[in-house]
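Data block below; observations after.
The numbers here are math on the coordinates, done by the rules we state, and not lab data. Only a predicted model underlies this, so the values are computations on that prediction, with no experimental measurement involved. Here Cβ is always computed from backbone atoms with ideal geometry, including for glycine, and neighbour counts include all displayed protein chains.
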Amino acid sequence: MLLRALASIMVVTVLVAAVVAAASPQNPPSQAAAPTFDAARAFTHLKAMVDMGPRPSGSAALRQTRAYITRQIAAMGLTVQEQPFTATTPVGPVEMSNLIVTLPGRRPDRILFTGHYDTKLFKDFKFVGASDGASSGAFLIELVQALKDQPREFTYEFVWFDGEEAVANWNLNSDATYGSRFYVQQATKAGALSSIKALILVDMIGNKTLKIERDSYSAGWLNDIVWGAAKRLGKKQFVDVETTIEDDHVHFVRAGIPSIDIIDLNKYIEDGHWHTASDTLENVSAASLGVVGDVLLAALPDIVAYLKK
Ligand SMILES: [Zn+2]
């Protein structure tokens, strides 16, 4: 007994010494501090976009939004690459552009972080898309900020899709998701699809009464990892309810790329704010952006570990 007690005291002493050594300035930790998501800063980006008014594809306000995103990224010392294209829509050709930021990793294999930054065109009322358009556009800016100085095994690519919204009637293949369809077409032509190992899509994540359900187009393992991270952090906004959402990720799913759509559509509909005049600042919050940011950053090491297997 005595011997065993002595042994455990020794173990404790060794452990304490190891912790002290790890924390001392002579032994700086080999890994960078865990990334943090600044929800208040993300919300300032959301507000800046909403302040530009309705931002449908092809509008001056959306060009202004592109310039805003480009300035924010430039302030981080990074460059936005534009991917312009002319979309054929029910109202004729519309000039659109995806925005891309790349953070190279040790491998060329990529994880894509994506969202849309356009808002749906409504002629009979003013639609500013605080959650539907601004939340994803703003979130991605802050996500670049959070991840840019982190060591990376995989290359991270951030893509702001233009033209997610339908110009007339929603149809995944002909009128909606113009930017993601164009992206996948181009990547297919360039033979670049196989280096995309996973796609993470965020959409409509600003809702004050955020409730995120598991989308059935999304890969089961990605849902499991993200919902697991939410549980660890006690983020009850991620609920164990299945739903099926048509969104930008579907084109990547069809191309065989494991994808996840983190979206609150059903609760926003229930609350009366989806595609209505009340998708405004009063109905979104920094806290909700922060919930998604915290969960995604907590899930990312597990996603990377899964892909490395
Ligand atoms: Zn929408």
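Largest GNM mean-square fluctuation among V253, V159, V226, using the chain with Cα springs under 10 Å: V253.
Fully extending the segment from S216 to D38 would add 61.1 nm, taking 0.36 nm per residue of separation and subtracting the current Cα-Cα distance. Using the Cβ atoms and a cut-off under 9 Å, what net charge is assigned to the surroundings of P54, where Lys and Arg are +1 and Asp and Glu are -1? Local net charge: +3. In plain terms, the residue of M52, M204 with the fewest other Cβ atoms within 10 Å comes first and the most crowded comes last, giving M52, M204. Kindly provide log₁₀ I(q)/I(0) values, in the same order as q = 0.11, 0.16 Å⁻¹, from the Debye equation applied to equal alpha-carbon scatterers of the chain. So the normalised log intensities are -0.65, -1.35. Give me the angle, in degrees from 0 to 90, between the Cα long axis of helix 136-147 and the longest principal axis of the Cα atoms of the chain, rounded to the nearest 10. Result, in degrees: 30.
Residues Y156, Y217 in ascending order of nearby Cβ atoms (within 10 Å, fewest first): Y217, Y156. Taking the Cα centre of the chain as origin and assigning +1 to Lys and Arg Cβ atoms and -1 to Asp and Glu Cβ atoms, the resulting dipole is close to 1040 debye. If the chain linking T88 and D51 were pulled fully straight, counting 0.36 nm for each residue of separation and taking away their Cα-Cα distance, it would gain 10.5 nm. Sparsely packed loop sites in segment 94-123 (the trypsin sites (Lys or Arg not before Pro) outside DSSP H, G, I, E and B with at most 13 other Cβ atoms within 10 Å) comprise R106, K123. Among the GluC sites (Glu not before Pro) found in segment 200-309, those both in a DSSP coil and sparsely packed, with 15 or fewer other Cβ atoms within 10 Å of their Cβ, are E246. Summing Lys and Arg as +1 and Asp and Glu as -1 over all other residues whose Cβ lies under 10 Å from the Cβ of K120 gives a net charge of -4.
Thinking of segment 66-167 as a set of Cα atoms, what percent of all their pairs are more than 16 Å apart? Counting every Cα pair in segment 66-167, those more than 16 Å apart make up 60 percent. Using C-alpha pairs under 8 Å with a sequence gap of at least 6, the mean separation divided by the residue count of the chain gives a relative contact order of 21 percent. Length gained on full extension, E153 to Q186: 9.4 nm, using 0.36 nm per residue less the C-alpha separation. Per-residue 3J(HN,Hα) values for segment 295-300, derived from phi via the Karplus relation 6.51 cos²θ - 1.76 cosθ + 1.60 with θ = phi - 60°, read 5, 5, 5, 6, 7, 4 Hz in sequence order (x marks Gly and Pro). Within the listed set V292, V241, V144, the residue fluctuating most in the Gaussian network model of the chain (springs between alpha-carbon atoms under 10 angstrom) is V241. Against the chain, whose longest principal axis is taken from its Cα atoms, helix 178-189 shows a tilt of about 70°. For the chain, the longest principal axis of the alpha carbon atoms and the long axis of helix 60-75 meet at an angle near 20°. Going down the table (K126/K211; K120/K189; K208/K235; K208/K267), which pairs top 20 Å between alpha carbons? The pairs that break the limit, which is 20 Å between Cα atoms, are K126/K211; K120/K189.
Looking at segment 161-246, the trypsin sites (Lys or Arg not before Pro) that sit in a DSSP loop and have at most 12 other Cβ atoms within 10 Å of their own Cβ are K236.
With the charge dipole of the chain set up from +1 on Lys and Arg Cβ and -1 on Asp and Glu Cβ about the Cα centre, the Cα lying farthest toward the positive end among the listed residues I245, N171, F113 is that of F113.
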